[in-house]
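Okay, structure first, notes after.
The values are calculated or read from the model by the stated rules, or taken from the named source; none is laboratory data. Everything quoted here is computed from the prediction, not taken from an experiment. Reconstructed Cβ throughout: ideal geometry from the backbone, glycine too, with neighbour counts over all protein chains shown. Ligands, DNA and RNA are excluded from the accessible area calculation, which covers all protein heavy atoms including side chains. Shrake-Rupley method; radii C 1.70, N 1.55, O 1.52, S 1.80 Å.
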Amino acid sequence: MSQDQQPPAGSPDAQVEMRSWPRGTSALRYGGDYNPEQWPREIWLEDIALMREAGINLVSIGIFSWALLEPREGEFDFSFLDDILSLLADAGIDVDLGTPTAAPPAWFWKKYPQARVITRDGVTLGRGSRGMGSPSSPEYRACAARITTELARRYASHPAVRMWHVHNEYGAPVSDCYSEQSVAAFRTWLRAKYATLDLVNEAWGTTFWGQRYGAWDEIDAPKTSASVVNPSQRLDFQRFTSDALLECYVLERDIIRSFSPDTPITTNFMATNCPSVDYWKWAREVDVVANDHYLAAERLDNHIMLAMDADFTRSLAGSRPWMLMEHSTSAVNWQPRNIAKRPGEMARNSLSHVARGADAVMFFQFRASRFGAEKFHSAMLPHDGTSSRIWREVGQLGASLGSLSAVRSTRVDARVGIVWDIESFWAQDLEWRPSEDLDHRERIEAFYTVLWNLGITVDFVHPEHHLDGYDVVLMPASYSISDHARDNLESYVSRGGKLVVSYFSGIVDERDSVPAGGYPGQLRRILGLTVTEWLPLRASESIILDNGATADVWAEDIVLDGAAVEARYATGPAVGKPALTRHEYGKGAAWYVSTRLDSHGLASYLTGILETARIRPHFTLPDGVETVTRVSDTEQFIFVINHTDEATTVPSAGHDLLSGNETVAGSALPPGAVCVIRQPRAT
Ligand code: GLA
């Protein structure tokens, strides 16, 4: 936004604009969770000096401090926060102040046992850990509102507080709850959605297995039952759960906003790794999208999955800058084998997030805990202190981020979108599907990996959102497609879009009901075909297509209705039948991949489709070298991240912001190294 376009000071638009990023430094934000309550005050002074040494300019505090701040119900003691906030303010370190509602105190659990979470199997969760009360508990909400009010009242104008961090990771470790309080709230939610019981009965298809409801209080949460519980009911319960959690966030946010209208408020997401929350809905409610990401460390392609998570986060943020709120300097402590990051890996991870739109790099946590459940989790300052490799690398990363100020607020543009619809995942993950090998996450990762390997940046999209900005939309796994999404996809393609659909997509509508006619009912028109029978393959059975590709998991009996065949099954149960098809639809086209192609076959098929939209890699680089470009109106910043053990070459000339050197195309980039080439924007 230019100066002339600034909204008038004090207007609601100006407040929204002010809240779009923590005010203060023009550098990228750098820091982490900081838990000073675990340490004596003399250590705080050392910590603050070390933070300054490392270039840290933002810390998240207070996230788990409820028991300290409200030692008895309604009695508050803010002395520790007063003290640490003023020390941080004096040191020029900004604070992202947490509300502590992810860990209620012991008095809460003792006084309000009805607020405890009950699992689907009927287990009442015990105490002595962390985890909120039932999201639908009136007592939990009232207590959360009270501590939030006291915090917001006291610190709204504190000079250190540049941002508010509501709660911690809604959806983990608490998500769905089957307590009586939740059941009551579920009924209220259903009344708001359907208004009448008849409409509930219709939407859930309760004539099946004689499940018809005659009164609202006959409806229960979908608890573990004698057999499979009504899938439409379960799907609605998932939606209810996400909404109940969101209500808890909005409750706290609105309290804070009433005291602190200009300060951004966020909560930390877990982008692709939170199975219980619909982040497309949530993203509209935060001022700045913030994300926590931890490597699935044992996976050799964990850097590709990191990139996918970052691209999804940027997409949630609507391409505005976002914050990496947590990641780890090295190993976590909660995976089966907690693989440590090798020298340089932490910086590559961090800079990959920045390359994909993050303007903040934060860690869990600043100083490693000496006690408690997370004492073996890595930290910025490990147990062995400042002589450690990790601390050295933390300082180097601080310096690197300091040299990247020019990338702040620049964009990442993408011409390809991948559909991500958690409601569809919820629906597909229910019981009794045609093959246990149908795995939506695996398909999305496979499609994403092809694009990552090509160096083509993608956004993630919701099928009901506006898609016209994308030349190609990939839909690797969308079992359920709402009627609205179906219409949206049809109009996208008819206006010239290119859509690629993989098997087991568009099978049901948003109620988990099969539309009349053959499969895939929601996509038949657009794909120009009907699937008359699914032909799931046996475990480890593989088949061949007549274009030479191999495939497994799935085959189908397809009858064409306008689509053209691009490859047929050469072996397996659908031998001779179409396997890959293309359908011209309006001004655009829709491709269908009816089997699980191996990675090579998928890469070559997708490359050909992308070529029809003239989407090609900008640079040809060896496998394992990542490139992403951030752009402003006048400049571009090419990130090149060498994840391999071999030297590679810099693909383009310019000023490397990290080394400070001018580079020429073809100069060496050592194993594991990163460069960020600044250039005038290519026209
Ligand atoms: C999550 C939590 C943190 C911490 C880390 C450990 O992201 O938000 O409090 O437990 O995991 O990896």
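Listing for the model above:
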| item | result |
| --- | --- |
| Near pairs, Cβ below 9 angstrom, 6+ apart or cross-chain, from segment 533-562 (at pLDDT below 95) to any residue that is part of a strand (DSSP E or B) | S540/D552 |
| Segment 140-172: number of residues that are in contact (Cβ under 8 Å) with a residue 12 or more places away in the chain and in a helix (DSSP H, G or I) | 15 |
| Qualifying helices (runs of 4 or more DSSP H) (wholly inside segment 54-139; at least 2 residues being in contact with a strand residue (DSSP E or B) (Cβ under 7 Å, 6 or more places away or on another chain)) | 79-91 |
| Test: residue in segment 208-224 that is over 25 Å from E431 (Cα atoms), under 29 Å from the mean Cα position of the chain (by Cα) and assigned to a helix (DSSP H, G or I) | no |
| Strands (runs of 3 or more DSSP E) contained in segment 525-564 and holding at least 2 residues not hydrophobic (A, V, I, L, M, F, W, C) | 529-536, 550-552, 554-560 |
| Residue match in segment 57-77 (condition: free of Cβ contacts under 8 Å to residues at least 12 places away in the same chain, of a type in the set (G, A, S) and open to solvent by 40 Å² or more (accessible area, probe 1.4 Å)) | no |
| Only listed residue being over 26 Å from A555 (Cα atoms) and hydroxyl-bearing (S, T, Y), chosen from T607, T595, T627 | T627 |
| Selection from segment 140-167 of residues that are open to solvent by 10 Å² or more (accessible area, probe 1.4 Å) and in contact with a Lys or Arg (Cβ under 8 Å, 6 or more places away or on another chain) | R162 |
| Residue check for V500: crowded, with 18+ Cβ neighbours inside 10 Å, in contact (Cβ under 8 Å) with a residue 60 or more places away in the chain, under 23 Å from L610 (Cβ atoms) and among the hydrophobic types (A, V, I, L, M, F, W, C) | yes |
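Conditions (1) under 24 Å from A185 (Cβ atoms); (2) at pLDDT below 95; (3) within 16 Å of the ligand (Cβ to nearest atom), marked per residue:
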site	(1), (2), (3)
L245	yes, no, yes
T267	yes, no, yes
T272	no, no, yes
V289	no, no, yes
H293	no, no, yes
A307	no, no, no
T313	no, no, yes
R320	no, yes, no
S330	no, no, yes
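Residue by residue, here is whether (1) farther than 26 Å from T457 by Cβ; (2) within 16 Å of the ligand (Cβ to nearest atom); (3) modelled with pLDDT of 95 or more; (4) under 26 Å from the mean Cα position of the chain (by Cα) holds:
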| site | (1), (2), (3), (4) |
| --- | --- |
| E374 | yes, yes, yes, yes |
| S378 | yes, yes, yes, yes |
| G385 | yes, no, yes, no |
| A399 | yes, no, yes, no |
| S403 | no, no, yes, no |
| R408 | no, no, yes, yes |
| R415 | no, no, yes, yes |
